[in-house]
Amino acid sequence: MDSVSLDNPAVRSYLFYSGVLGLKALGMAPLTGIMRNKKKAFANEEDAAFRQGVVNLNDPDVERVRRAHHNDLENIPVFWAIGALYLTTRPSDALAINLFRAYAAGRIIHTVVYAIKPLPQPSRAIAFSVPFFITVFMGVKVVLYYAKAY
């Protein structure tokens, strides 16, 4: 069976969790807006005037959500690229599915413990590290698999 076929359960898993992660990343913008409205801390004068708030670029709660969003934007696209390449190496379905599942769970947990219900360290470090090292693992597998061609 072709490794990058929609008949492959690992490919379907990758597509499903990629969609979940895309929606999760999109959800961070409204979460930032909710926090800005809650704290009445806006980035622009017209928004502050419209919502009877103030321009405040340093509110710690708003900035926490923004940093979590930024972290998603740094990590999720790399997962998409490396995960797609990883599928071309013909990994076992069970391993690939569990890697994709753990990656998505880790990114969601990261958002929860960082932006929604901040918890003390090492909760955020663990929630960041698990998906990070999954991506590294897959990237190394891709490099080693294709290094044989040279």
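The values are calculated or read from the model by the stated rules, or taken from the named source; none is laboratory data. Only a predicted model underlies this, so the values are computations on that prediction, with no experimental measurement involved. Ideal geometry is used to build each Cβ from the backbone, glycine not excepted, and the neighbour counts take in all protein chains shown.
Values as computed for the structure displayed
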{"quantity": "Residue among Ile76, Ile82, Ile116 that alone is surrounded by fewer than 15 Cβ atoms within 10 Å (Cβ to Cβ), among the hydrophobic types (A, V, I, L, M, F, W, C), closer than 27 Å to Tyr17 by Cβ and touching a residue at least 24 places away in the same chain (Cβ under 8 Å)", "calculated": "Ile116"}
{"quantity": "Residue in the stretch 52-60 that is loosely packed, with under 14 Cβ neighbours inside 10 Å and touching a residue at least 40 places away in the same chain (Cβ under 8 Å) present", "calculated": "no"}
{"quantity": "Positions within the stretch 119-140 being closer than 19 Å to Val62 by Cα and either surrounded by 15 or more Cβ atoms within 10 Å (Cβ to Cβ) or of a type in the set (Gly, Ala, Ser) (or both), in sequence order", "calculated": "Arg124"}
{"quantity": "Flag for Thr89 being part of a loop (DSSP other than H, G, I, E, B) and either at pLDDT 95 or above or surrounded by 15 or more Cβ atoms within 10 Å (Cβ to Cβ) (or both)", "calculated": "yes"}
{"quantity": "Qualifying residue in the stretch 101-113 (condition: over 16 Å from the mean Cα position of the chain (by Cα), of a type in the set (Gly, Ala, Ser), surrounded by 15 or more Cβ atoms within 10 Å (Cβ to Cβ) and at pLDDT 95 or above)", "calculated": "no"}
{"quantity": "Test: residue in the stretch 55-71 that is touching a strand residue (DSSP E or B) at 6+ places or on another chain (Cβ under 7 Å), outside any helix (DSSP H, G or I) and of a type in the set (A, V, I, L, M)", "calculated": "yes"}
{"quantity": "For His70: the one exception among (1) exposed (fewer than 13 other Cβ atoms within 10 Å of the Cβ); (2) more than 18 Å from Leu23 (Cα to Cα)", "calculated": "(2)"}
{"quantity": "Subset of the stretch 141-150 (residues that are free of Cβ contacts under 8 Å to residues at least 60 places away in the same chain, surrounded by 13 or more Cβ atoms within 10 Å (Cβ to Cβ) and either farther than 30 Å from Tyr114 by Cβ or not basic (Lys, Arg) (or both))", "calculated": "Tyr145"}
